[in-house]
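The values are calculated or read from the model by the stated rules, or taken from the named source; none is laboratory data. Source: prediction; values computed, not measured. Note that each Cβ is placed from the backbone with ideal geometry, even for glycine, and that neighbours are counted across all protein chains shown. Only protein heavy atoms, including side chains, enter the accessible area calculation; ligands, DNA and RNA are left aside. Shrake-Rupley method; radii C 1.70, N 1.55, O 1.52, S 1.80 Å.
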Amino acid sequence: MVGVWGLPGAANAVYLALYAQQHRGQESAGIAVTDGDDIDSKLGMGLVPDVFSPDDLQRLSLYGTRGAIGHNRYSTSGGSLACNTQPLVEQTVDGSVALAHNGNLVNGEAHRRKFAEAGHLFHTTSDTEVVIHLLASPEQRNAPDPLAATLRRLQGAFSLVLMFPDRIEAARDPWGWRPLVLGELEREGKAFPVVASETVALDVMGAKYVREVEPGEIVTLTDEGVSSRRYADPSDPLAQCIFEHVYFASPASMVFGQNVQTAREQMGEALAREAPVVADWVMPMPDSGRSAANGYAHESGIPYREAIVPNRYVGRTFIKPTQHEREAAVRLKLNVVREIVDGKKLVVVDDSIVRGTTTKLKMNQLREAGAREIHLRISSPPIRHPCYFGVDFASKDQLIANNRSVEEIREFLGVDSLHFLSLKGLLSVAKGNARDYCTGCFSGDYRVDVEHPLTEDVLLREQASMF
Ligand code: AMP
């Protein structure tokens with residue numbers, strides 16, 4: 001997600017930022033722009049360079065003289081459908097609005113049902129659309145701060161970027177599940193405010209990092225600069241997604257105030273201390289295991305060697321919607337260097353195991369290339385629970401670690417030994433207080449009640465119950 005205000009031709013900067021954040025979603029992409037009166041957009045399925053033609057970009061940058069926002073989608077709620085591409089652009093009684101959402105609402109479905117029963121029509125199948133319906137409803141419109149009133153009724157993970165013809169508003173949920181940062185872009189002596197999911201997008205746009213948007217905060221980007229207000233107190237503790245550090249975010253980004261690459265290296269070091277082994281090489285599963293493998297090699301003193309060569313033109317396979325597609329893509333994606341692997345004892349490092357299917361295929365390829373021993377080391381704990389907050393882990397029964405012991409997983413994967421980094425080891429690496437991270441996928445501790453979503457003023461009820 002990204003938003004740029006005030007910069008003529010902002011669509012070009014937004015395009016670069018979406019490219020830089022392609023790892024956050026590869027199913028679809030969109031850019032919405034405003035000329036100060038109305039909003040135009042271009043949305044499409046596929047990767048950023050495939051969605052926007054040079055003509056599209058030219059049109060968007062000519063029309064979007066005031067501001068632009070953009071989104072890369074990775075479906076967690078609602079299918080991989082063209083109708084779910086964001087930013088959603090809608091007309092309300094107060095005018096046009098474009099909305100981009102990162103995360104997943106726990107009470108989206110409950111809100112939707114209420115609206116649908118009252119006769120509202122929806123044109124997407126995603127949870128995000130209810131945000132606009134809430135914003136456009138009399139109850140919120142008559143509130144002193146309609147956006148704040150809307151956000152207080154949302155439960156779950158939401159970093160949001162909304163664009164109106166006269167401003168961009170960016171907000172983060174009180175739990176701080178997903179990242180969102182504020183930056184400043186300087187062009188010809190003038191400063192333009194920007195927001196993005198990750199700092200890597202700021203780097204690519206040539207913007208400087210200012211600060212994180214805080215949990216429970218709304219920042220407004222206008223011609224006058226940036227202003228801030230709170231719609232809720234930050235939750236105590238927070239629920240920052242630890243999986244951003246494990247897998248999701250770019251190694252080049254600062255997430256929750258910590259560089260992702262160095263965090264992953266430290267996870268690898270912790271893993272080497274927890275599960276040492278005698279081996280010839282430490283070998284990463286590219287690209288996801290690289291940083292942790294470096295850390296493991298550094299801590300253990302075993303030489304780091306790459307022998308699994310990725311075909312860089314194949315995208316992230318997990319994100320392809322069907323199992324068949326995923327398997328075909330794995331075979332296409334990785335080639336093993338027999339000369340390095342044959343007859344050797346390997347420590348193979350990856351960041352996580354979800355369904356186990358990709359990992360099993362990769363292990364088979366190593367065996368076929370003659371690996372004598374494979375010691376698999378994973379720089380996060382077993383994923384035993386689904387994520388309701390924006391990471392696509394599929395359903396519980398598809399998770400390999402659900403109802404299986406580590407020994408059973410080892411057997412399934414056909415490796416000589418298997419060790420997952422402990423939750424304690426993982427949290428020891430994370431910056432700040434360990435209780436401020438959501439570990440729901442590992443621990444089942446979800447912080448909000450995922451079974452009984454609320455549709456009333458969620459935050460007031462939750463905060464009242466704290467006293
Ligand atoms: P599998 O063996 O099928 O569970 O796949 C494991 C691989 O998927 C690891 O290399 C991870 O880096 C990667 N992975 C983990 N979580 C996700 C996710 N939510 N989306 C896409 N890929 C993921």
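Looking at segment 161-170, is at least one residue surrounded by 24 or more Cβ atoms within 10 Å (Cβ to Cβ) and under 18 Å from H245 (Cβ atoms)?
Scanning segment 161-170 turns up no residue that is surrounded by 24 or more Cβ atoms within 10 Å (Cβ to Cβ) and under 18 Å from H245 (Cβ atoms).
Do we have any residue at all in segment 115-133 that's closer than 22 Å to M163 by Cβ, in a strand (DSSP E or B) and out of contact with any Lys or Arg (no Cβ under 7 Å at 6 or more places or on another chain)?
no
Would you be able to say whether some residue in segment 334-352 is over 23 Å from F243 (Cα atoms), modelled with pLDDT of 75 or more, in the same structural domain as L271 (by TED's automatic domain parsing) and within 11 Å of the ligand (Cβ to nearest atom)?
yes
Looking at R316, is it within 9 Å of the ligand (Cβ to nearest atom), under 17 Å from R290 (Cα atoms), open to solvent by 20 Å² or more (accessible area, probe 1.4 Å) and at pLDDT below 95?
The answer is yes for R316.
Of everything in segment 250-304, what is under 30 Å from Q21 (Cα atoms), part of a loop (DSSP other than H, G, I, E, B) and open to solvent by 40 Å² or more (accessible area, probe 1.4 Å)? Give them in sequence order. Working first, answer last.
Of the residues in segment 250-304, the ones under 30 Å from Q21 (Cα atoms) are 250-271, 282-298, 304.
Checking the rest, the ones that are also part of a loop (DSSP other than H, G, I, E, B) come to 250-253, 256-257, 285-289.
Matches in segment 250-304: P251, A252, D287.
Being among the charged types (D, E, K, R), in contact (Cβ under 8 Å) with a residue 60 or more places away in the chain and away from the ligand (no atom under 15 Å from the Cβ), is that true of even one residue in segment 408-431?
yes
Give just the number: which of (1) more than 16 Å from the ligand (Cβ to nearest atom); (2) open to solvent by less than 60 Å² (accessible area, probe 1.4 Å); (3) under 19 Å from the mean Cα position of the chain (by Cα) does P237 not satisfy?
Result: P237 fails condition (3) only.
Kindly evaluate Q86 against the criterion of being in a helix (DSSP H, G or I), open to solvent by less than 20 Å² (accessible area, probe 1.4 Å) and farther than 21 Å from P234 by Cα.
Taking the combined requirement at face value, the residue does not satisfy it.
Do you know which residues across segment 240-281 are more than 16 Å from the ligand (Cβ to nearest atom) and among the β-branched types (V, I, T)?
Result: T262, V277, V278.
Restricting attention to segment 436-453, which residues are over 23 Å from A401 (Cβ atoms) and touching a Pro at 6+ places or on another chain (Cβ under 8 Å)?
D436 - this is the single residue of segment 436-453 that is over 23 Å from A401 (Cβ atoms) and touching a Pro at 6+ places or on another chain (Cβ under 8 Å).
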